[in-house]
Structure formats: structure tokens, C-alpha cells
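I have placed the structure first, in the form of C-alpha cells, so that the comments after it can refer back to it.
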Amino acid sequence: MTVSVALFTSDLRLHDNPVLHAAVRGADAVVPLFVRDDGIHRTGFDAPNRRAFLAGCLADLDAGLRRRGGRLVVREADVVAGVCAVVAETGAESVHVAAGVSGYAVRREERLRAALAEAGCTLHVHDAVVTALAPGRVVPAGRDHFAVFTPYFRRWEAAGVRGTLAAPRTVRVPDGVESAPLPERTGTAGVSPGLAEGGETAGRTLLTSWLHGPMDGYVTGHDDLAGDATSRLSPYLHFGCLSAAEAVHRARKKGGAGADAFVRQLAWRDFHHQVLAARPDASWADYRPRGDRWRSDAGEIEAWRAGLTGYPLVDAAMRQLTHEGWMHNRGRMLVASFLTKTLYVDWRVGARHFLDLLVDGDMANNQLNWQWVAGTGTDTRPNRVLNPVIQGKRFDPHGAYVRRWVPELAGLDGAAVHEPWKLTGRARARFDYPEPVVDLGEARARFERARGTG
């Protein structure tokens, strides 16, 4: 009997999974394997929200495999040691895994390839599993990646997304392969109280619901903070509970302006993956250095983290992050601009805080979006500054989003909620809310001087 191993990483799904599909087709039996990697723990990347969401993903994946006659095998070890142990126990001839773009994923692949070669086992690395289009699939003439999104998107659309694969009908697992217990979400401390449920089932239900209604209004509603009119699919895409390729195909089949706008956002995700694949140091180093001499005011940074900056829209978004482990995209842009340009604090401080809390936090999208806003990344307007008052009046005109997350200001109506410092006397005393940590005009002038644009 021939045996293969399907090593799950960021592809925790049965539908449209090239890794599982190839492993099932290529052998008589397959070991669906997930290794709770010691290396991920040492890097601090397994933050409580992602660990709790992961528990739901693995439980759902195991349930789906059991309905097909299989089961998920879990090991707790260094990933290479864990895979090699399963190969030795089962005599597996091949291991299948999804390609990754982070430095950690690339090193993992290199270590696996070397160790499995010594064991006489072949490693198969599958592209376009985590993304819709594989990084490096399209490149500009004479370069290894696109640095600007618009030309990338034109080529991305022309290249075409691969076809999708059905979930396997049956999965036969060799007898006697031991497994560690599945992790439990309830045992994870420090989890955001509003964290979403993990797993392919939840993700596919959400995708179907999104496609059959809310997506139609995405063009006009995607920046409406109070309306919460985005898909909220990012955690499921990050963990691979959903296939980005399948999401593209299903959205295009539905059609319409909303579908086009949604697909464009999926392409942005691929864009950042191809940048990081070509420039792995961009996870922590400036993609385009600006000679910044960042400030580091501990009090201002803590006020930003806690949602106590005195700017209601910034504080609302930061409190949403704390409560849900997720934040609206417009909020992400605003709070990143506030930290890096208004407070002029190193983007890495913000990126680290996001990675500590975001359930969808990954090295490609989190780090490169932070760099985009900070002006050290691929933004073609690196010195733009988002004004939190103007942004509030534009994207939360009635103040509903602010009042939802900053209850101290619940008594204020309309646009007034975005400028509580303008209240005087007894009206001001009614609201237990901090004064702004910085004057916007002075902060902008400071940033422009620092960047040499003022």
C-alpha cells in the first residue's frame, strides 16, 4: 500500500485544496497532518486570537475528514521532526504542502526538502493554494515582481485564475497513526470576546451569504464604518478555510459591480504576497526607506493601543480590534496613518500590535499594508495623511460607529461626535473622554518637516 502525507498549513479546508487533492490521488492512503509547530510558538505568531480561531478550524477540518472516512492527525513538534516521524511510521513516499511566501514558510520548505530527501521521500510544493494567483506567475519585464498594484492587476486579470477542485469523496488513512488531541478554543486565554467562529463550514456559509446579497452593495458601502458592509472573510482566507481562487470564480459567476470590486480586493491580497515573495525582508525592513527618524513616546503609543487618543474614530477602531480581533479596512487605514504620520511612530510598532490581536494577521498583508500606509511601501502617494475628523465625517457621518465602540460619547449626535473637544463648560464635563493626545495641525507640520515635504 502506498502512502502520502498532506501537510496542512494555511490551507485548512477540503474544498479546492490542491494539496489534499494530489495526496489522495497519488497514493492508496493519505495522512492528513497538521503539526502544531514549536517554531511558530517561538516567533510569537500564535497569538491568542489566532490560536483560538485555529482550534475551530482544526475541529471543523477533522469533522469533515471523518465524514469521508478519514481523520486529522495532529502532532506537537518541530514541523520537520513531526513530518519525518509520520513518514517513518507509515513508510510514506511523498509529502504534499502549500507554497508560502514568508521567510518562515520558505525556510520550512527548505528544511523539509532536505530532511525528506535523506529519508527517501519526495516533497511536492503546490502553488496557488493560499492565493488565487501564484506569486511570480506574472512579472514585469526585467523585474521579479510588480511594485505598483494597477499594472499588476491588469496582468492578474489577463492571466486567469486556476480552476477549482472538488472536495474528496473519501479519505483513507492508514491504521495505527497516532494523533495528539485537537486543541480546544476554550482553553486559550486572552481571546477577544467577539472573536468569530473558525472553520471551513463557517467560512463557506459566510461566503455564500455574502455572494447572495451584501456583495451587490460593496461598491458604495465598503467604506461605511457603521454599516459594516465588508465581507469579513479575511480570517477564513488567512487560515485557508476558503480558497481565494474559488471566491474569485464564485464572485465572477454572480457578476456585477460589487463582484468586480470584491475580486479587486482579492487581487490586492495576491499583490502583497508577490511583493513579499520577492522581497522577504519587507516583513520588517522598509521596502522603500524614507530616512525616517521615528518618534517613540510611550504614553502616546499606549493611548493608541488602548483607544484613548482623544480622536473618536481612531479610538473606536482600536476598541473594535480589541473586542473582535478584527477591524474594518477603513479603520485599519486610519489608525495606521494616525500612528505613523500623526504621531510619527515606527510602523513596526503598529504592525506588531496588529499581529498580537488580528485573527487575520499575516506577514504579507499585515506588514505590507502597514508599510503602504506609512509611506515606506508601495503607495504611490507616500506622504498622504488621513485626518481622523474628516474621515469620521465622511465615513461615519451620523457617528453610529463611534457611539458603538466609544460609549462615553453616546450622548453626542451626528458629526459632533467626531470633535468632542469643541464642547465647553457643563456640556464638556458630561463626557468622561480624554483630550486629544496631539494637535492635528502641529502633527502634520512635524511629519512634513521630517519627510522633507513641508
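Considering only T322, A306, W284, the residue lying farthest towards the positive end of the dipole of region 265-367 is W284, judged by Cα position with unit charges set on Cβ. Distance between the modelled labels on T186 and K254, one decimal in nanometres: 3.5 nm (7 Å Cα→Cβ projection). Fewest-first ordering of I390, I301 by other beta carbons within 10 Å of each residue's beta carbon gives I390, I301. Residues V125, V148, V138, V30, ranked from the fewest to the most other C-beta atoms within 10 Å, line up as V148, V125, V138, V30. Using only the C-alpha atoms, the convex hull of region 298-451 corresponds to 102 Å³ per residue.
Label-to-label distance for R279 and W294 is 1.6 nm, based on points extended 7 Å past Cα in the beta-carbon direction. Under 25 Å of direct C-alpha separation, and excluding same-chain neighbours fewer than eight residues apart, K393 reaches these lysines: K341, K422. One equal scatterer on each Cα of region 238-378, no solvent, Debye formula: the resulting log10 I(q)/I(0) at q = 0.16, 0.20 Å⁻¹ is -0.89, -1.22. Positive end of the charge dipole of region 112-185 (Lys, Arg +1 and Asp, Glu -1 on Cβ, about the Cα centre): tell me which of P181, A114, H145 has its Cα farthest that way. Result: H145, furthest along the dipole toward the positive end. Loop-located trypsin sites (Lys or Arg not before Pro) in region 364-398 (DSSP state not H, G, I, E or B) with no more than 14 neighbouring Cβ atoms inside 10 Å: R384.
Legend: ranking of residues H96, H212 from fewest to most surrounding C-beta atoms inside 10 Å; resulting order H212, H96. With contributions of -39500 (n - 2.57) from each DSSP H run of at least four residues, the per-residue ellipticity at 222 nm computed over the chain stands at -14000 deg cm²/dmol.
Per the Debye formula on identical point scatterers at the alpha carbon atoms of region 382-427, with no solvent, log10 I(q)/I(0) at q = 0.27 Å⁻¹ is -0.98.
Relative to the longest principal axis of the chain, what angle (0 to 90°, nearest 10) does the C-alpha long axis of helix 440-451 take? Roughly 60 degrees, rounded to the nearest 10.
Here the spin labels are modelled as points 7 Å beyond Cα on the Cα-Cβ line, and at V389 and R352 they lie 3.3 nm apart.
Comparing Cα centroids, region 347-394 and region 261-338 end up 3 angstrom apart.
Normalised by the number of residues in region 3-129, the mean separation of alpha-carbon contacts (under 8 Å, six or more apart) gives a relative contact order of 33 percent. The trypsin sites (Lys or Arg not before Pro) of region 235-294 that meet both conditions, a loop assignment by DSSP and at most 12 other Cβ atoms within 10 Å of the site Cβ, are R293. Using only side-chain charges placed at the Cβ, +1 for Lys and Arg and -1 for Asp and Glu, the dipole size of region 28-159 relative to its Cα centre rounds to 440 debye.
Rounded to two decimals, the Cα-based Rg/Rh of the chain, with Kirkwood Rh, is 0.99.
Between helix 312-324 and the chain there is an angle of about 30 degrees, using the helix long axis and the longest principal axis of the Cα atoms.
Packing around the peptides 76-82, 357-363, 443-449, 321-327, taken as the average count of other Cβ atoms within 10 Å per residue, puts them in this order, highest first: 357-363, 321-327, 76-82, 443-449. The mean sequence separation of alpha-carbon pairs under 8 Å and at least six residues apart, normalised by the residue count of the chain, gives a relative contact order of 18 percent. For region 3-129, the fraction of alpha-carbon pairs lying more than 21 Å apart is 35 percent, rounded to a whole number. Projecting the Cα atoms of G103, V80, F8 onto the dipole axis of region 3-129, where Lys and Arg carry +1 and Asp and Glu carry -1 at the beta carbon, places F8 farthest toward the positive end. Each listed q (0.19 Å⁻¹) maps to a log10 I(q)/I(0) for region 295-359, found by the Debye formula over equal Cα scatterers with no solvent: -0.61.
Every read-out reported here was derived from the displayed coordinates using simple, explicitly stated rules and does not represent laboratory data. Quick caveat: nothing in here was measured; it's all calculated off a predicted structure. All Cβ positions, glycine included, derive from the backbone under ideal geometry; neighbour counts span all protein chains shown.
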